[in-house]
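Read the structure below first, then the notes.
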Amino acid sequence: MSKQLRLPTLLVVAENPSIRFWVKKHLDDRFFVITAENEQEAYAALASRLDFIIIDALMQQCDPLMLCQTLRKADQLVPILLVTGRLKKSFRDKAAESGVTDFLSDQLDLEELNIRIQAGLKAASAREKTADLSFAIKGAPKIGGS
């Protein structure tokens, strides 16, 4: 079998240029990184097949949870990592309902980022395999009768 020729695509949505720069700097060797400064740029990135999304929770120009919700509707499987310092359970529950799959501390720790990305990609792969299997079962001919 041939190796995958394309890098996974990562979308980083953050108004703060430091966050976009930091993520791109540390992940550019493992991902094709697309950056978006606002929700319009994030929606435009949906034209690409996204493998991972990182969104900064401290966006002033849009509601990051509404953005997560819209992105989740566009792709049921892509992991969405929310960068936040908000620790309240009520906020995290609301974020999870909006489609966030995991959280990253706003302290931007590289080791934590790598752990979250690996976990997200592993979970997305499992969900994709389950969806493929479910589709195959639904499409399979029935055995033994009408």
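Listed values, structure above:
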read-out: Odd one out for G99 among (1) part of a helix (DSSP H, G or I); (2) within 20 Å of S125 (Cα to Cα); (3) touching a Cys at 6+ places or on another chain (Cβ under 8 Å); (4) of a type outside the set (S, T, N, Q); value: (1)
read-out: Selection count, region 37-61, where residues are aliphatic (A, V, I, L, M), within 19 Å of D102 (Cβ to Cβ) and out of contact with any Ser or Thr (no Cβ under 7 Å at 6 or more places or on another chain); value: 6
read-out: Members of region 75-96 found to be in a loop (DSSP other than H, G, I, E, B), more than 11 Å from the chain's Cα centre (by Cα) and of a type outside the set (D, E, K, R), listed by number; value: G85, L87
read-out: Conditions (1) outside any strand (DSSP E or B); (2) closer than 25 Å to F91 by Cα; (3) open to solvent by less than 60 Å² (accessible area, probe 1.4 Å); number of the one not met by I54; value: (1)
read-out: Residues (basic (K, R) and either assigned to a loop (DSSP other than H, G, I, E, B) or open to solvent by 50 Å² or more (accessible area, probe 1.4 Å) (or both)) located in region 64-74; value: K73
read-out: Count - residues of region 1-34 that are open to solvent by less than 60 Å² (accessible area, probe 1.4 Å) and out of contact with any Phe, Trp or Tyr (no Cβ under 8 Å at 6 or more places or on another chain); value: 12
read-out: Complete set of residues in region 80-120 that are in contact with a strand residue (DSSP E or B) (Cβ under 7 Å, 6 or more places away or on another chain), open to solvent by less than 50 Å² (accessible area, probe 1.4 Å) and either within 17 Å of T9 (Cβ to Cβ) or free of Cβ contacts under 8 Å to residues at least 12 places away in the same chain (or both); value: I80, L81, E112, L113, I117, G120
read-out: Condition check for A74: closer than 13 Å to N16 by Cα and not basic (K, R); value: no
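Matching residues to (1) more than 19 Å from G120 (Cα to Cα); (2) touching a helix residue (DSSP H, G or I) at 6+ places or on another chain (Cβ under 6 Å); (3) part of a helix (DSSP H, G or I):
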| position | (1), (2), (3) |
| --- | --- |
| V12 | no, yes, no |
| E15 | yes, no, no |
| V23 | no, no, yes |
| D29 | no, no, no |
| L46 | no, yes, yes |
| L50 | no, no, no |
| C62 | yes, yes, no |
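The values are calculated or read from the model by the stated rules, or taken from the named source; none is laboratory data. Model, not experiment: these values are computed from the prediction. Here Cβ is always computed from backbone atoms with ideal geometry, including for glycine, and neighbour counts include all displayed protein chains. Each accessible area value is taken on the protein alone, full model and side chains, heavy atoms only, with ligands, DNA and RNA left out. Shrake-Rupley method; radii C 1.70, N 1.55, O 1.52, S 1.80 Å.
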